[in-house]
């Protein structure tokens, strides 16, 4: 199956700093990538949909000026948490959508997830 | 009402047991349905898609009832390695994935 990487896997930062998380599809091209956030014992919440070469589409309640998304190429999307605060501490996961026949996905619309980035803001 | 609802569990079962998880979704226009598995502090991984006719993959059987907007996952002959959180996922009208909160399963020796 397709491989998606994320970097860094974990980060600890001081309140007020900005943190950039990278999401890469390693062996396929992903025109669409997704960013999720997951708090402990809760479900994944979609933050935004990232399309290569265009502006991201944010979910209701997600501040686009705080969570900057850039999808500069077919294999890379970045999420920047600007002026992070303790309440932004969470598990951030990206995913890329694949189509069968491109990288052996099990089904249409299968999303391949990165390993996640655990952000802790002090 | 949440778009996708699951019983959070936890389900604690002995090895070899059969266990079933249920999931309901609110959007009748949803088109695609999946079960994902998520291990602690890891990313979700696709377990299986759910088709209208029902489908089986080894010890796992998934069923869909569109009329009742209900999805199920049955695990037979549970293994210790089945311990994880199982996420019900529904493809919404705009092709975005909506995740349930997950059902936690622990299989004990």
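Is it true that residue A:10 is loosely packed, with under 14 Cβ neighbours inside 10 Å, under 18 Å from residue A:116 (Cβ atoms) and touching a residue at least 24 places away in the same chain (Cβ under 8 Å)? Quick ask: steps written out before the conclusion?
Values: loosely packed, with under 14 Cβ neighbours inside 10 Å: yes; under 18 Å from residue A:116 (Cβ atoms): yes; touching a residue at least 24 places away in the same chain (Cβ under 8 Å): yes.
Against the criterion (loosely packed, with under 14 Cβ neighbours inside 10 Å, under 18 Å from residue A:116 (Cβ atoms) and touching a residue at least 24 places away in the same chain (Cβ under 8 Å)), residue A:10 qualifies.
Here are some residues: A:103, A:95. Which one is at the interface with another protein chain (Cβ under 9 Å from one of its Cβ atoms) and either at pLDDT below 85 or part of a strand (DSSP E or B) (or both)?
A:95
Could you list all residues from segment B:74-104 that are in contact (Cβ under 8 Å) with a residue 40 or more places away in the chain and more than 16 Å from residue A:43 (Cβ to Cβ)?
Answer for segment B:74-104, where residues must be in contact (Cβ under 8 Å) with a residue 40 or more places away in the chain and more than 16 Å from residue A:43 (Cβ to Cβ): B:74, B:75, B:76, B:77, B:78, B:79, B:80, B:93.
I need the full set of residues from segment B:74-95 which are surrounded by fewer than 16 Cβ atoms within 10 Å (Cβ to Cβ) and either in contact with a helix residue (DSSP H, G or I) (Cβ under 8 Å, 6 or more places away or on another chain) or within 14 Å of chain A (Cβ to nearest Cβ) (or both), in order please.
Within segment B:74-95, B:93, B:94, B:95 meet the criteria.
Given (1) touching a strand residue (DSSP E or B) at 6+ places or on another chain (Cβ under 7 Å); (2) at positive phi, identify the lone condition not met by residue A:83.
(1)
Which condition breaks for residue B:49 when tested against (1) within 14 Å of chain A (Cβ to nearest Cβ); (2) farther than 18 Å from residue A:45 by Cα; (3) surrounded by fewer than 18 Cβ atoms within 10 Å (Cβ to Cβ); (4) at pLDDT below 90?
If we test residue B:49 against (1) within 14 Å of chain A (Cβ to nearest Cβ); (2) farther than 18 Å from residue A:45 by Cα; (3) surrounded by fewer than 18 Cβ atoms within 10 Å (Cβ to Cβ); (4) at pLDDT below 90, just (3) comes out false.
Checking residue B:25 against (1) more than 20 Å from residue A:41 (Cβ to Cβ); (2) surrounded by fewer than 14 Cβ atoms within 10 Å (Cβ to Cβ); (3) modelled with pLDDT of 90 or more, only one condition comes out false. Which one?
Residue B:25 satisfies every listed condition except (2).
Kindly list the number of the only condition in (1) part of a loop (DSSP other than H, G, I, E, B); (2) within 18 Å of residue A:116 (Cα to Cα); (3) touching a strand residue (DSSP E or B) at 6+ places or on another chain (Cβ under 7 Å) that fails for residue A:78.
All conditions pass for residue A:78, except number (1).
Sort through B:39, B:57 and tell me the only one that's within 12 Å of chain A (Cβ to nearest Cβ), over 26 Å from residue A:39 (Cβ atoms) and loosely packed, with under 14 Cβ neighbours inside 10 Å.
B:57 is the lone residue from the list that is within 12 Å of chain A (Cβ to nearest Cβ), over 26 Å from residue A:39 (Cβ atoms) and loosely packed, with under 14 Cβ neighbours inside 10 Å.
Among the residues of segment B:65-73, are any assigned to a strand (DSSP E or B) and either loosely packed, with under 12 Cβ neighbours inside 10 Å or within 13 Å of chain A (Cβ to nearest Cβ) (or both)?
Looking for residues that are assigned to a strand (DSSP E or B) and either loosely packed, with under 12 Cβ neighbours inside 10 Å or within 13 Å of chain A (Cβ to nearest Cβ) (or both), one finds none in segment B:65-73, hence no.
The values are calculated or read from the model by the stated rules, or taken from the named source; none is laboratory data. The structure presented is a predicted model; accordingly, all values stated were derived computationally and were not measured. Cβ sites come from the backbone with ideal geometry, for glycine too, and all protein chains shown count toward neighbours.
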